[in-house]
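Report on one structure; see the data block that follows.
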Amino acid sequence: MPKKTDPDQDAFLTVSKLQSWFLGIIAFAVILFLLVQAKFLLISLAIAIMLFSLTSDAIGYFQQLRIGSAKVSIWIASTLAVLLIATILIMASAILLTQANTVVLTILQYADPAQRAVAELFSWMGEDVETSVLEWLQGIRFGPYLTSLAGQAGNIASGAVLVTLFVGFMFLERIWFSTKLTSLMGDKESAVRVQMIISSIIHRVNRYLVVKAVISVLTGGMVYGAMTLFDLELAFAMGVLTFVLNFIPNVGSIIATFIVALVSYVQTGDTVIGVSLFFIVGFLQFVVGQVLDPVLLGRTLRLSSFGIIASLAFWAAVWGIVGMFLAVPIMVSIMIVCSHIKELRPIAILLSRDGLPDHEPVGDTTVIPAMARLKSSDPAE
């Protein structure tokens with residue numbers, strides 16, 4: 001016989017589910033509002049966390065250094081690491097600010113020739129089409145875009161200072177992290193589990209960032225060499241732009257290729273040079289993206305291609321261009337965390353490429369030291 005159900009109980013469960021859905025929607029809206037309103041602070045914090053995880057190993061290296069019989073203390077090692085980060089951020093800010101100003105001045109200088117050059121590409125379709133394209137391009141106002149670009153470039157210096165402060169305080173808190181985590185979780189086993197999740201995130205994100213940095217430097221250098229070979233201006237600026245855009249997965253390399261080809265065509269007015277650079281840079285991007293990238297990254301990320309595009313679109317809408325650079329590290333972190341929570345595991349499966357989000361790549365050595373630290377008899381030692 002079919003089991004009888006209580007109508008009142010069914011109605012209560014339905015109302016509870018609806019309430020949970022509405023509360024979830026409200027919570028998502030509040031979080032989204034906070035993400036947008038506090039984006040400068042949160043972006044700086046996200047970058048600081050990535051730099052902190054990247055340079056945590058540097059502290060261990062500094063601690064191994066010896067001056068005679070004296071050993072470098074953790075305080076000195078942390079100070080050296082913070083100074084290293086500050087130096088890198090200042091240098092990167094100076095380069096980006098310089099190149100941003102170059103790009104703005106170049107846009108103002110080449111705006112009209114570029115519009116006419118692009119319109120000429122449609123001349124084979126007829127004079128009316130060429131005129132229509134030119135009128136449409138001339139209707140685009142570059143002022144708001146340039147103002148936004150200049151504003152973001154101006155925030156780089158203040159952001160670098162804030163990131164350095166965040167990283168410095170994180171290094172100070174790092175000494176007591178194991179003790180705090182054990183006290184927070186209530187027992188060492190739970191603390192070890194959380195530390196394993198954090199170690200997994202750090203391992204994957206660090207490898208992604210290091211590999212992307214190496215590949216982007218290589219690609220930017222090749223673009224600089226190709227433009228120098230054709231004796232074109234803005235070779236260094238285009239190399240820096242390619243380096244930066246390569247951190248945007250899937251989309252960045254395509255945008256960089258079109259920009260380099262367009263800049264080359266506008267400077268020379270020679271279709272052959274523009275098309276040649278388009279195919280040269282496109283071939284370089286293809287080889288780097290389809291050969292070097294998979295070989296160096298291996299199965300570290302294991303992210304869904306559709307998930308990457310969706311993450312790019314979401315974080316671009318929330319945090320703008322900077323959000324596109326942070327989309328993949330954030331997506332990796334969300335996938336790993338969700339894979340360890342039973343109720344959220346379906347999200348991790350959807351975000352993963354092959355449905356195995358919690359598979360650790362062979363050779364992951366970050367978890368074992370974390371477990372060893374937390375299993376020590378006195379974490380405060």
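The values are calculated or read from the model by the stated rules, or taken from the named source; none is laboratory data. This one's a predicted model, so the numbers in the text were calculated from it and none came from an experiment. In this analysis, Cβ positions are derived from the backbone assuming ideal geometry, glycine residues included, and neighbour counts consider all displayed protein chains. Note: accessible area is taken over every heavy atom of the protein model, side chains too, but ligands, DNA and RNA are not part of it. Shrake-Rupley method; radii C 1.70, N 1.55, O 1.52, S 1.80 Å.
Filtered by the rule that a residue be over 27 Å from the mean Cα position of the chain (by Cα) and not polar (S, T, N, Q), the range 251-278 gives 265, 266, 269, 270, 272, 273, 274, 275, 277.
Applying the criterion of being touching a helix residue (DSSP H, G or I) at 6+ places or on another chain (Cβ under 6 Å) and not hydroxyl-bearing (Ser, Thr, Tyr) to the residues of the range 198-214, the residue that is most open to solvent (accessible area, probe 1.4 Å) is 202. If you filter the range 181-192 down to residues that are among the charged types (D, E, K, R) and out of contact with any helix residue (DSSP H, G or I) (no Cβ under 8 Å at 6 or more places or on another chain), you find that the one that is modelled with the lowest pLDDT is 187. The condition (being more than 28 Å from residue 91 (Cα to Cα) and free of Cβ contacts under 8 Å to residues at least 24 places away in the same chain) is satisfied by just one residue among 158, 190, 199: 190. How many of the residues in the range 299-311 are within 18 Å of residue 204 (Cβ to Cβ) and assigned to a helix (DSSP H, G or I)? So the count comes out to 4. Only one residue in 257, 228 is surrounded by fewer than 19 Cβ atoms within 10 Å (Cβ to Cβ) and modelled with pLDDT of 85 or more, so which one is that? Exactly one of 257, 228 is surrounded by fewer than 19 Cβ atoms within 10 Å (Cβ to Cβ) and modelled with pLDDT of 85 or more, namely 228. Among the residues of the range 233-250, those that are in a loop (DSSP other than H, G, I, E, B) and open to solvent by 20 Å² or more (accessible area, probe 1.4 Å) comprise 233, 234, 247, 250. Taking into account only those residues within the range 166-186 that are of a type in the set (A, V, I, L, M) and exposed (fewer than 14 other Cβ atoms within 10 Å of the Cβ), which is farthest from residue 45 (Cα to Cα)? The residue in question is 184.
Quick test for you: out of 29, 11, pick the one residue that is among the aliphatic types (A, V, I, L, M) and either under 28 Å from the mean Cα position of the chain (by Cα) or at pLDDT below 70 (or both). Being among the aliphatic types (A, V, I, L, M) and either under 28 Å from the mean Cα position of the chain (by Cα) or at pLDDT below 70 (or both) holds for just one of 29, 11, which is 29. Exactly one residue out of 364, 358, 354 is more than 30 Å from residue 40 (Cα to Cα), open to solvent by less than 50 Å² (accessible area, probe 1.4 Å), modelled with pLDDT under 85 and not small (Gly, Ala, Ser): that is 364. Filtering the range 317-328 for residues that are of a type outside the set (Phe, Trp, Tyr), modelled with pLDDT of 85 or more and surrounded by fewer than 18 Cβ atoms within 10 Å (Cβ to Cβ) leaves a non-empty set.
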